[in-house]
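Asker: I'd like to ask some things about the structure below.
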Amino acid sequence: MNQIGAAGASRRGFLAGAGALVVSFSILPRLATAQGAQAGNAAAKTPALPGSLQNAPMLDSWIRIDADGSITVFTGKVEFGQGIKTALIQVAAEELMVEPRRINLVTADTNLTPNEGYTAGSQSMQSSGTAIQNAAAQVRVILVELAAARFNVPADQLIVQNGVVRTTDGRTLTYGELVTAQALHVSARPESMLRDPATHTIMGRPLQRVDIPAKVTGTASYVQDLRLPGMVHARIVRPPSYGARLRTLETGQVERLPGFLKIVRDGDFVAVIAEREYQAVTAGRVLVKAANWDERQSLPAQSDLYAYIRGLPSQDTMIFGSAAASSFGAGSIAASYHRPYQMHASIGPSCAVGLLQDGMLTIWTHTQGVYPLRQAIAEMLRVPEERVRCVHMEGAGCYGHNGADDAGADAALIASAFPGRPVRVHWMREQEHAWEPYGSAMVSSVRARLDGSGNIVDWQYDVWSNTHSSRPGRAGNLLAATHLQAPFTPPPPQVLPQPAGGGDRNAIPYYKFPNARVVHHFVPAMPLRVSALRSLGAYMNVFSIESFMDDLARAAAADPVEFRLRHLEDPRAREVVLAAAERFGWSAYRRQRGRGRGFAFARYKNLAAYTAVACEVEVERESGRVRVVKAVAAVDSGEAVNPDGIRNQIEGGILQSLSWTLYESVTFDNTRITSTDWSTYPILRFPNVPDSIDVNVISRPGQPFLGTGEAAQGPSAAALANAVADATGVRIRDLPFTPERVKAAIGI
């Protein structure tokens, strides 16, 4: 680990190619307000830079133009299936006025790209998209001003077409020709001359995703596919349970196996390296049998999980309303809801490749935050950060904090002990299931009172949850670092503040009630390892609130859609609700035996995309099996850069939510995780996909980008729950809706 020396390739070296000049900002004409600037900035003396330009203000952090006219755009965000590469290319191409195929997009690399933290919270377009849009617009204006000076004509008399600036008399200069004479390195400005949305030719139109061809043709596209010259393979021997300690390890049999290279051990961290992958798999299996562990019972009874959670000490914060108790009395209704621990359950187990060469440690990783991971790895290895480089590659399935960062730490430790050759670390399925950080189990309770007109006048909501983010940034957040001989202690769990929140995300209803109170009961100590799972607490909170809204609508003898509309003031929210209901055919719905319909709405984080979902389900009373027949959604994400990409995200979010809601639950005994394969942790399979999913994208050109990737999970779960209640006449409040649970609820 002490062999790491001076840093290697850098962004400066990357940018210093012959004839390549970085375009920055010099002179701008009168500017329009930049998208993404906060409303309060208008009165500020120094308006904030839009999006991630606040953290990386130099334009050459975002845009490079070479002498041959080729264009490179940099982003600190990562592609992991959400289609962000395509959308960012569209944004840059639109403002630079070039064809999308001319844009080369470089994503998260600690040597090359700006530090945008984690790709999380559906914030890529809001932060990176807004930054790139404004940087590209400012670069375009600079180039036009340079051309105007060269042509000695006013800038407003020039025409830009696909990277060529043209005068009315036919003289032309390409972007590459304009930048060869100088290279500017200055800060962006708070305002940009963005193109009029009415003139857009690239944004707002479907564009085929740039990440799909390699995936469907079998070309190497994931870190799991990465093969480097001289690469060797490693497997980890994990403890069998939380807190287990390695008592003895017999290595003789493993060392005699074909292809064996080395055993790496540091405390309870054990790995084996072999020349070929299956040799590493075989050696790992033998080493598992050769390890003897001391275990202890540390987990609560799963049957008593929710009472256990509510009984743990909590930090209670009223996040909305007044301290005065609501005036509940006659006519009040109350309910509680439960969510188990749930996995990311990535189809491809976590993987990373590490190489220590010439004093530089490089990690190829599918982390969602290359800079925080670099910081954590550097701390774990006790080396300066500049001696660690993290390069993002896509991983085969993840939304949230799965084992990707932990695999990166594994690769760092093993590569440091085996310098000179790339080391590929690939987790086994049972390791992924047993050791990834799960989405937190949660408990919610809600109480409300209706007035004589059937309107909600009192509302009380409480939610109990652990943290929803233990992502790296510190070594103690890395699994391997906690198993070393000199272990790192995980930092104390932290509350994620409102308005985004963590366990309390979307706990504040978007509806308007005369008297409402919301309390977040943050539970620092939880029995299982937890972190960010897509949408954090929003999935559970929207499921709870929207399930309860249906019960209140029934108590008020009101249609569920009309009941929501009477409590919604935001016109965009109302439009989304009406659009989903109309597209579903809500008012013309005809009931069939064994089927029911459900509806739900939420605005993600109460500040991002608006989403409404309606669905129809079929319930087999004899088996308890629930099948979603169709799902219809409407979504308002502000300006829709790629409507097809938004549609992809909502469709995928619906399917993921149906899987969580119908199938998924981590199981454990007093000592170990017991859901370690696909039979013990079932997920949605192709035969159970709805017959149809229809997504209506409401685009608002010129409006700020709103996060979409996590907007559908909560409404989809609640719409499903409401449809099951409609089909059976019975309300189920415990997730997931397994056949056994459904049969028990309806009394069969």
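Asker: Please go through the range 389-399 and pick out each residue that is part of a loop (DSSP other than H, G, I, E, B) and either of a type in the set (Ser, Thr, Tyr) or more than 17 Å from residue 426 (Cα to Cα) (or both).
Answerer: Scanning the range 389-399 gives a single hit, 399.
Asker: I need the full set of residues from the range 619-662 which are touching a Leu at 6+ places or on another chain (Cβ under 7 Å), under 22 Å from residue 586 (Cα atoms) and in a helix (DSSP H, G or I), in order please.
Answerer: Those that are touching a Leu at 6+ places or on another chain (Cβ under 7 Å), under 22 Å from residue 586 (Cα atoms) and in a helix (DSSP H, G or I): 655, 658.
Asker: Also, quick follow-up: When you go through (1) modelled with pLDDT of 95 or more; (2) more than 30 Å from residue 275 (Cα to Cα) one by one for residue 451, which number turns out not to apply?
Answerer: Going through (1) modelled with pLDDT of 95 or more; (2) more than 30 Å from residue 275 (Cα to Cα) one by one, residue 451 breaks only (1).
Asker: Go through (1) open to solvent by 10 Å² or more (accessible area, probe 1.4 Å); (2) farther than 21 Å from residue 604 by Cβ; (3) among the hydroxyl-bearing types (Ser, Thr, Tyr) and name the single condition residue 469 misses.
Answerer: (2)
Asker: Only residues that are surrounded by fewer than 17 Cβ atoms within 10 Å (Cβ to Cβ) and without any contact (Cβ under 8 Å) to a residue 40 or more places away in the chain: list them for the range 252-264, please. Give the steps one after another, and end with the answer.
Answerer: Pass one, the range 252-264, residues surrounded by fewer than 17 Cβ atoms within 10 Å (Cβ to Cβ): 252-253, 255-259, 262.
Those that are surrounded by fewer than 17 Cβ atoms within 10 Å (Cβ to Cβ) and without any contact (Cβ under 8 Å) to a residue 40 or more places away in the chain: 252, 253, 255, 256, 257, 258, 259.
Asker: So, in the range 513-522, exactly how many residues are under 23 Å from the mean Cα position of the chain (by Cα) and either in a loop (DSSP other than H, G, I, E, B) or surrounded by fewer than 20 Cβ atoms within 10 Å (Cβ to Cβ) (or both)? Even if it seems obvious, please write down each step before you answer.
Answerer: The first filter runs over the range 513-522 and keeps only residues under 23 Å from the mean Cα position of the chain (by Cα), leaving 520, 522.
Narrowing further to those that are either in a loop (DSSP other than H, G, I, E, B) or surrounded by fewer than 20 Cβ atoms within 10 Å (Cβ to Cβ) (or both): none.
Result for the range 513-522: 0.
Asker: Out of the residues in the range 542-595 meeting the condition of being of a type in the set (Lys, Arg) and in contact with a Phe, Trp or Tyr (Cβ under 7 Å, 6 or more places away or on another chain), tell me which one is most open to solvent (accessible area, probe 1.4 Å).
Answerer: Our first condition is that a residue be of a type in the set (Lys, Arg); within the range 542-595, this holds for 554, 564, 566, 572, 574, 583, 590-591, 593, 595.
With the extra rule that they be in contact with a Phe, Trp or Tyr (Cβ under 7 Å, 6 or more places away or on another chain), the set shrinks to 564, 572.
Details: 564: 0, 572: 51 Å².
If we take residues in the range 542-595 being of a type in the set (Lys, Arg) and in contact with a Phe, Trp or Tyr (Cβ under 7 Å, 6 or more places away or on another chain), then 572 is most open to solvent (accessible area, probe 1.4 Å).
Asker: Tell me, please, whether a residue that is in a helix (DSSP H, G or I) and either surrounded by fewer than 19 Cβ atoms within 10 Å (Cβ to Cβ) or hydrophobic (A, V, I, L, M, F, W, C) (or both) can be found in the range 680-687.
Answerer: First pass over the range 680-687, keeping only residues in a helix (DSSP H, G or I): 686-687.
Among the residues that remain, those that are also either surrounded by fewer than 19 Cβ atoms within 10 Å (Cβ to Cβ) or hydrophobic (A, V, I, L, M, F, W, C) (or both) are: 686-687.
Scanning the range 680-687, I find at least one residue that is in a helix (DSSP H, G or I) and either surrounded by fewer than 19 Cβ atoms within 10 Å (Cβ to Cβ) or hydrophobic (A, V, I, L, M, F, W, C) (or both), so the answer is yes.
Rundown of residues vs (1) without any contact (Cβ under 8 Å) to a residue 24 or more places away in the chain; (2) closer than 25 Å to residue 278 by Cα; (3) not β-branched (Val, Ile, Thr), yes/no style:
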| position | (1), (2), (3) |
| --- | --- |
| 188 | no, no, yes |
| 198 | no, no, yes |
| 213 | yes, no, yes |
| 228 | no, yes, yes |
| 231 | no, yes, yes |
| 239 | no, yes, yes |
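Asker: Among (1) open to solvent by 10 Å² or more (accessible area, probe 1.4 Å); (2) under 29 Å from residue 530 (Cα atoms), which single condition is residue 737 missing?
Answerer: It fails just one condition, (1).
Asker: Consider residue 419 against the criteria (1) buried (at least 24 other Cβ atoms within 10 Å of the Cβ); (2) out of contact with any Pro (no Cβ under 7 Å at 6 or more places or on another chain): it satisfies all of them except one. Which criterion is unmet?
Answerer: (1)
Asker: Shifting gears a bit: Being of a type in the set (A, V, I, L, M) and part of a strand (DSSP E or B) is the filter here, so list the residues in the range 581-603 that pass it.
Answerer: Step one: of the range 581-603, the residues of a type in the set (A, V, I, L, M) are 581, 588, 600, 602.
If the condition is that a residue be of a type in the set (A, V, I, L, M) and part of a strand (DSSP E or B), then 600, 602 are the ones that fit.
Yes or no, residue by residue, for (1) of a type in the set (S, T, N, Q); (2) open to solvent by less than 20 Å² (accessible area, probe 1.4 Å); (3) closer than 23 Å to residue 711 by Cβ; (4) modelled with pLDDT under 95:
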| residue | (1), (2), (3), (4) |
| --- | --- |
| 460 | yes, no, no, no |
| 485 | yes, no, no, no |
| 511 | no, yes, yes, no |
| 528 | no, yes, no, no |
| 540 | no, yes, yes, no |
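Asker: Would you call residue 92 surrounded by fewer than 22 Cβ atoms within 10 Å (Cβ to Cβ) and among the hydrophobic types (A, V, I, L, M, F, W, C)? Break it down stepwise before answering.
Answerer: Details: surrounded by fewer than 22 Cβ atoms within 10 Å (Cβ to Cβ): no; among the hydrophobic types (A, V, I, L, M, F, W, C): yes.
Here the answer is no, as residue 92 does not meet what is asked.
For every residue, the table says whether it meets (1) within 27 Å of residue 708 (Cα to Cα); (2) polar (S, T, N, Q); (3) open to solvent by 20 Å² or more (accessible area, probe 1.4 Å); (4) at pLDDT below 95.
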site: 121; (1), (2), (3), (4): yes, no, no, yes
site: 124; (1), (2), (3), (4): yes, yes, no, yes
site: 127; (1), (2), (3), (4): yes, yes, yes, yes
site: 133; (1), (2), (3), (4): yes, yes, no, no
site: 136; (1), (2), (3), (4): yes, no, no, no
site: 148; (1), (2), (3), (4): no, no, no, no
site: 166; (1), (2), (3), (4): no, no, yes, no
site: 180; (1), (2), (3), (4): no, yes, yes, yes
site: 183; (1), (2), (3), (4): no, no, yes, yes
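Asker: Check residue 122 against each of (1) touching a Lys or Arg at 6+ places or on another chain (Cβ under 6 Å); (2) closer than 30 Å to residue 535 by Cα and name the one condition it does not meet.
Answerer: Unmet for residue 122, out of (1) touching a Lys or Arg at 6+ places or on another chain (Cβ under 6 Å); (2) closer than 30 Å to residue 535 by Cα: (1).
Asker: All but one of (1) β-branched (Val, Ile, Thr); (2) open to solvent by 10 Å² or more (accessible area, probe 1.4 Å); (3) outside any helix (DSSP H, G or I) hold for residue 98; which doesn't?
Answerer: For residue 98, the failing item is (2).
Asker: While we're on this one: In the set 267, 204, which member is open to solvent by less than 50 Å² (accessible area, probe 1.4 Å) and within 28 Å of the chain's Cα centre (by Cα)?
Answerer: Working: 267 fails: within 28 Å of the chain's Cα centre (by Cα).
Being open to solvent by less than 50 Å² (accessible area, probe 1.4 Å) and within 28 Å of the chain's Cα centre (by Cα) holds for just one of 267, 204, which is 204.
Asker: Picking from 707, 714, which residue would you name as being part of a loop (DSSP other than H, G, I, E, B) and under 22 Å from the mean Cα position of the chain (by Cα)?
Answerer: None of the other options fit; the residue is 707.
Asker: Can you name the strands (runs of 3 or more DSSP E) wholly within the range 400-498 that have at least 3 residues being under 23 Å from the mean Cα position of the chain (by Cα)? Walk me through it before giving the result.
Answerer: Working: elements: 423-426, 442-450, 456-465.
Result: 456-465.
Asker: Something else: Could you check the range 302-385 for strands (runs of 3 or more DSSP E) lying wholly inside it with 2 or more residues that are touching a residue at least 60 places away in the same chain (Cβ under 8 Å) and open to solvent by less than 10 Å² (accessible area, probe 1.4 Å)? First the steps, then the outcome.
Answerer: Working: elements: 315-321, 332-339, 351-357, 360-365.
Answer list for the range 302-385: 332-339, 351-357, 360-365.
The values are calculated or read from the model by the stated rules, or taken from the named source; none is laboratory data. Source: prediction; values computed, not measured. All Cβ positions, even for glycine, are placed from backbone atoms using ideal geometry, and neighbour counts span all protein chains on display. Ligands, DNA and RNA are excluded from the accessible area calculation, which covers all protein heavy atoms including side chains. Shrake-Rupley method; radii C 1.70, N 1.55, O 1.52, S 1.80 Å.
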